[in-house]
1. Only one of (1) more than 30 Å from Asp125 (Cβ to Cβ); (2) without any contact (Cβ under 8 Å) to a residue 12 or more places away in the chain fails for Ala34. Which number is that?
2. So which residues in region 62-87 are at pLDDT below 95 and aromatic (Phe, Trp, Tyr), if there are any at all?
3. Which condition does Tyr66 not pass, out of (1) in contact with a Ser or Thr (Cβ under 8 Å, 6 or more places away or on another chain); (2) aromatic (Phe, Trp, Tyr); (3) over 18 Å from Pro11 (Cα atoms), if it passes all the others?
4. Please state which of the following conditions Gln30 fails to meet, knowing it meets all the rest: (1) within 23 Å of Phe78 (Cβ to Cβ); (2) at pLDDT 95 or above.
5. Considering every residue within region 38-58, establish whether at least one is modelled with pLDDT of 95 or more, small (Gly, Ala, Ser), farther than 26 Å from Thr124 by Cβ and in contact with a Ser or Thr (Cβ under 7 Å, 6 or more places away or on another chain).
6. Looking at region 29-129, what strands (runs of 3 or more DSSP E) fall wholly within it and have at least 2 residues that are among the β-branched types (Val, Ile, Thr)?
Amino acid sequence: MADYTGYLPQPTPETQPYFDALKHHTLMIQRCNACARAYFYPRPFCPNCFSFDTEWFQASGRGTLYSFVINYRPPPGFGVEPYVIAVVELDEGPRMMTNLVGVEPDPERISCDAPVEIVYDDVTDDVTLPRFRLVVTTTDMLPRPRPSGKPGPSGEPRPSGEPRHTSEPRHSSKPGPTGEPGPSGEPRHTSEPRHSSKPRHSGESRNPEGA
């Protein structure tokens, strides 16, 4: 085992059975016989109904990640690398604070409600601390399928595989006099003037002078 420089717990009469079990790589927590509620941290009475009729039992060591935070400024004795502080919700119900190990301290790689399992860390000959690691399932190991389909202008295909928009413009590119095509795809105006270039009247005057 590596030299451990962090803080070590100091067991009390209430917590001694818990730490003794950890040395044997067993997670023991308490349960109330009056209300059947499991609880943690160790104490002589039930925090739910305040009954003193309690007992120790072996927990499965499995649960889900309830919450976590990444500590980028470790205190003295905890090294210099960031590490993950986590709250795990055990399958039996209680929540316990611990460390998440075996994963890069990156929020992109960790998500709440992920399944976890206990890891027994023998930090000294007399003290074992409970850590937790993510449980990798077969589904997690499969490559994620890439969306198919021809990308649209934004470069992202729609879920159906069709492009978001076609690459063709909605209107004709043939401009009108204003340079903007009309809604139907035809130019707003023809390039010819509205009126004929011929004079309105013939070259002969209607009332020639001297008639």
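1. (2)
2. Hits for region 62-87 are Tyr72, Phe78, Tyr83.
3. Of (1) in contact with a Ser or Thr (Cβ under 8 Å, 6 or more places away or on another chain); (2) aromatic (Phe, Trp, Tyr); (3) over 18 Å from Pro11 (Cα atoms), only one is false for Tyr66: (1).
4. Single failed check for Gln30: (1).
5. Residues of region 38-58 modelled with pLDDT of 95 or more: 38-58.
Right, trim to small (Gly, Ala, Ser) and you get 38, 51.
Cutting the leftovers down to farther than 26 Å from Thr124 by Cβ gives us 38, 51.
Imposing the further condition that a residue be in contact with a Ser or Thr (Cβ under 7 Å, 6 or more places away or on another chain) reduces the set to none.
No: region 38-58 contains no residue that is modelled with pLDDT of 95 or more, small (Gly, Ala, Ser), farther than 26 Å from Thr124 by Cβ and in contact with a Ser or Thr (Cβ under 7 Å, 6 or more places away or on another chain).
6. Hits in region 29-129: 62-71, 83-90, 95-101, 115-122.
The values are calculated or read from the model by the stated rules, or taken from the named source; none is laboratory data. Note that the structure is predicted; figures quoted are calculated from it, not measured. Quick reminder, even Gly has a Cβ in these numbers, built from the backbone with ideal geometry, and neighbours come from all protein chains shown.
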